[in-house]
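Only one structure is covered here, and it is reproduced in the block below.
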Amino acid sequence: MAIFKFFKKIFSVTEVSASEPAASSLASQARIYPRSEHCISRSQISENALKVLQRLKKAGFEAYLVGGCVRDLLLGREPKDFDVATNASPEQVKQVFRNCRIIGRRFRLAHVFFGREIIEVATFRGSEPEQSDQQVIHEDGRLLRDNVFGTLEEDVWRRDFTVNALYYNIRDFSVVDFTGGMRDHANAVLRLIGDPEIRYREDPVRMLRAIRFAVKLGFTLHPDTERPIYSQAELLKSIPAARLYDEVLKLFLAGYGVQTFEMLRHYGLFAILFPATDKCLATQDHDFPRLFLIRALENSDQRYADGKSLTPYFLLAALLWEPLQWAAQKHLQHGENETIAMQNAANEVLNRQIKIIALPRHITQSMRDVWFLQNKFSRTVGSRPYRLLEQPKFRAAYDFLQLRAETGGADPALVDWWTRFQEADDETRRKMTTPPKGGSSKSRGKPRRRTRPKPNTQQ
């Protein structure tokens with residue numbers, strides 16, 4: 001019979017038999033909300049998630065829905081995915097489900113596959129002894145520790161926010177709350193579990209998650225959760241660049257880009273993620289850089305709301321557009337021609353940025369395409385407009401030009417010309433690209449007759 005200890009820093013030590021029913025073992029420390037006191041219905045839960053919960057229960061294990069899915073169900077939202085927590089080890093989960101694969105190295109998880117849907121099953125996480133040799137302080141101040149298996153009571157304190165630490169119990173359809181998450185949920189407050197300074201040192205990305213959840217849920221940050229962010233923002237510099245790339249996509253491509261941008265700047269986190277852009281914003285001229293960024297974020301938010309596809313490179317190109325202009329201007333002042341200046345500036349800006357956020361090569365190449373096509377829009381005579389129209393990234397570059405024109409960074413008449421050119425028939429296009437009589441043009445040569453390219457629905 002297994003014996004567990006409650007988390008020492010929060011509660012006094014109490015020993016309970018692990019074989020007792022879950023409700024009775026938690027009653028003294030957790031608030032149990034019966035089915036009549038919450039709004040979660042099994043009809044809202046994925047059938048496959050219910051299968052996992054029921055089969056684990058039938059096999060004699062504890063099984064709970066946990067995390068964001070419980071939080072979203074309480075808000076009346078449709079969860080993106082469903083996560084299960086259990087006292088079964090990954091190997092035991094695999095014995096119950098043939099369609100299971102164990103993943104992870106530092107902390108193993110079980111993925112149960114149902115076609116395209118994956119139900120993630122995690123064994124309860126435990127806490128190490130206070131003097132564990134596994135706890136390490138990194139030179140940058142982060143607290144490192146390995147994950148170990150534990151009990152439900154210990155698992156609660158390894159989660160980040162109280163509203164993410166609510167457990168839906170399949171045995172009696174109740175919600176188990178150790179941390180006051182239901183109260184914070186009702187008050188629309190986002191609160192870290194435990195000491196916020198320690199939790200941020202354990203994982204500085206929690207600061208980004210706090211911003212993301214607060215914006216997404218419409219919650220306010222609890223003062224204790226908010227206060228350390230100002231002084232600990234620098235810890236983000238220790239996070240691997242590849243992980244920050246994933247976090248940036250979650251921050252800006254989830255339909256709340258404008259609000260997220262404002263909050264990140266308020267807490268000094270945007271300056272860590274995009275230092276060159278933040279520097280430009282601090283010395284902006286006539287508010288153009290900020291207006292352009294806001295417009296680009298609004299455009300992405302609207303596309304998300306309309307269910308349209310979002311491409312990371314477009315927004316990232318907008319985020320780094322002003323640093324690119326600054327760098328290109330310096331190269332022009334040293335006598336480089338426009339094309340070489342833009343290429344060298346792009347190399348400098350991207351090389352600095354990928355040290356912070358690991359932008360994949362296909363992303364940076366697409367950003368370059370959008371950037372370099374901007375100057376080519378001014379060439380509206382001869383065969384060049386036809387060649388530009390056939391570029392794979394033409395549509396994204398055209399949309400980028402539109403945003404620039406809307407915020408004073410490009411000529412609206414030029415956007416109007418390209419709008420008409422795309423929709424015109426061959427004869428109208430020929431007239432639009434014919435050099436004026438008695439004039440001269442850098443674009444010479446008779447334009448070839450071309451069929452209109454298929455419209456690109458993606459940015």
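The values are calculated or read from the model by the stated rules, or taken from the named source; none is laboratory data. Treat the numbers as computed from the prediction; the structure is a model and nothing was measured. Cβ atoms come from the backbone with ideal geometry, glycine included; neighbour counts cover every protein chain shown. Please note that ligands, DNA and RNA were not included when accessible areas were found on the heavy atoms of the full protein model with its side chains. Shrake-Rupley method; radii C 1.70, N 1.55, O 1.52, S 1.80 Å.
With the largest listed first and rounded to whole Å, the semi-axes of the equivalent ellipsoid of segment 323-405 from the Cα gyration tensor are 23, 17, 10. For segment 164-298, the solvent-accessible area of protein heavy atoms averages 38 Å² per residue (probe radius 1.4 Å; ligands and nucleic acids excluded). Evaluated at q = 0.20, 0.23, 0.26, 0.28 Å⁻¹, the base-10 log of the normalised Debye intensity for segment 34-82, with identical point scatterers placed on the Cα atoms, takes the values -0.70, -0.89, -1.06, -1.14.
Could you work out the Kirkwood radius for segment 141-228, taking every pair of different alpha carbons, averaging 1/r and inverting it, reported in Å? It is 13.8 Å. Each 10 Å bin from zero up to the one holding the largest Cα-Cα distance in segment 215-303 carries the following percent of pairs: 15, 46, 35, 5. Per residue, segment 344-417 exposes 44 Å² of accessible surface when a 1.4 Å probe is rolled over the protein heavy atoms with every protein chain present. Note on segment 290-344 and segment 398-441: Cα centroid distance 20 Å, given to the nearest whole angstrom. Size of segment 171-221 from its Cα atoms: along the principal axes, largest to smallest, the extents are 37, 23, 16 Å.
Judged by the mean number of other Cβ atoms found within 10 Å, the most tightly packed of the peptides 252-260, 205-213 leads the ranking 205-213, 252-260.
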